[in-house]
Amino acid sequence: MIIDDEYPARVLLNDYASKLPLLQVVASCKTALEAMAVLREQTVDLIFLDIQMPELTGLEFLQSLTHPPLVIFTTAYADYALKGYELNVVDYLLKPFSFERFVQAVNKAAERFQLTQSTPSATPSPIIQSEQKSFIVVKADHKLHRIAYEDILFIEGLREYVAFHTVSGKVITLESLKKLEEMLPAETFIRVHKSYIVNKKKVKSLYGNQLDIAGHWIPIGKLYRDEVVKHLFS
């Protein structure tokens, strides 16, 4: 749930959340009183909470909850950071914050949420290996995406998430590059950096320590350079 009295802030948080398959926005509220009504009707696992709001501040709202869900503060004021940690909030996002910083906060929330679950291993993997060799099925945005190997340009690691950069766009899912490196066919894909796997067939050129893939410059890690040159340019 998003609680923020500023409309642009709610729009930004909704946009950020829509990019992560782990999140589903169940409500976007402009006041804490609206949020209280939502909490009476349904269960919420995580709240993105502004502090300076009319009628009831974020701090007052949080302190009023007997069993609060996980909370990430989103505020333009750094003065409340200590109070936030006293209230055991997951993270403190200081506006304006980037998508990368948002992902870091969500990762913290996910880790804490898993600790509260009795059977975290029961959660299915968002990556489903296809029996065929031509595509992979990815769970993202509450949908199953069938991504053909030939359409993948490169895969970027975002800590606990990965982004599939394809010829038609980007798909972000909860997974690790290490697991993908083991799953994807080695004749088509190669790890070139701790944060990147690339489609060998999409590499156009090598310039210094970077690969040109459809106009994207992908860095090559020092530990991977010899293997990259051997498999792609020898």
Can you tell me which residue among 222, 194, 178 is more than 21 Å from the chain's Cα centre (by Cα) and basic (Lys, Arg)?
222
Please work out which one of (1) within 21 Å of the chain's Cα centre (by Cα); (2) crowded, with 21+ Cβ neighbours inside 10 Å is the condition residue 211 fails and give its number.
(1)
Could you say whether any residue in the range 169-183 is touching a His at 6+ places or on another chain (Cβ under 7 Å), under 23 Å from residue 110 (Cβ atoms) and not acidic (Asp, Glu)?
yes
What are the residues in the range 130-140 that are buried (at least 16 other Cβ atoms within 10 Å of the Cβ) and either under 12 Å from the mean Cα position of the chain (by Cα) or among the hydrophobic types (A, V, I, L, M, F, W, C) (or both), if any?
136, 138, 140
Return the pairs, sorted by first residue and then second, in which the second residue is charged (D, E, K, R) and part of a helix (DSSP H, G or I), the first residue lies in the range 218-234 and is under 19 Å from residue 195 (Cβ atoms), the beta carbons are less than 8 Å apart, and the residues are 6+ apart or on different chains.
231/200; 232/200
Hey, which of the strands (runs of 3 or more DSSP E) in the range 148-234, taking only ones fully inside, have at least 3 residues that are over 30 Å from residue 112 (Cβ atoms)?
152-158, 189-193, 203-207, 210-213, 216-219
Quick one: in the range 12-56, which of the residues that are free of Cβ contacts under 8 Å to residues at least 12 places away in the same chain and within 17 Å of the chain's Cα centre (by Cα) is nearest to residue 170 (Cα to Cα)?
15
Those residues that are surrounded by fewer than 16 Cβ atoms within 10 Å (Cβ to Cβ) and at pLDDT 90 or above, I need them from the range 154-180; list them, please.
167, 168, 169, 170
Checking residue 143 against (1) in the same structural domain as residue 199 (by TED's automatic domain parsing); (2) at pLDDT below 90; (3) over 17 Å from the mean Cα position of the chain (by Cα), the condition it does not meet:
(3)
Residues that are surrounded by fewer than 18 Cβ atoms within 10 Å (Cβ to Cβ) and part of a loop (DSSP other than H, G, I, E, B), drawn from the range 20-35
24, 25, 26, 27, 31
Of the conditions (1) more than 30 Å from residue 145 (Cα to Cα); (2) outside any loop (DSSP other than H, G, I, E, B); (3) of a type outside the set (Asp, Glu), residue 17 clears all except one; give me its number.
(1)
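The values are calculated or read from the model by the stated rules, or taken from the named source; none is laboratory data. Here the structure is a predicted model, which is why all the values come from computation and not from measurement. Note that we place each Cβ from the backbone using ideal geometry, even for glycine, and neighbour counts take in every protein chain shown.
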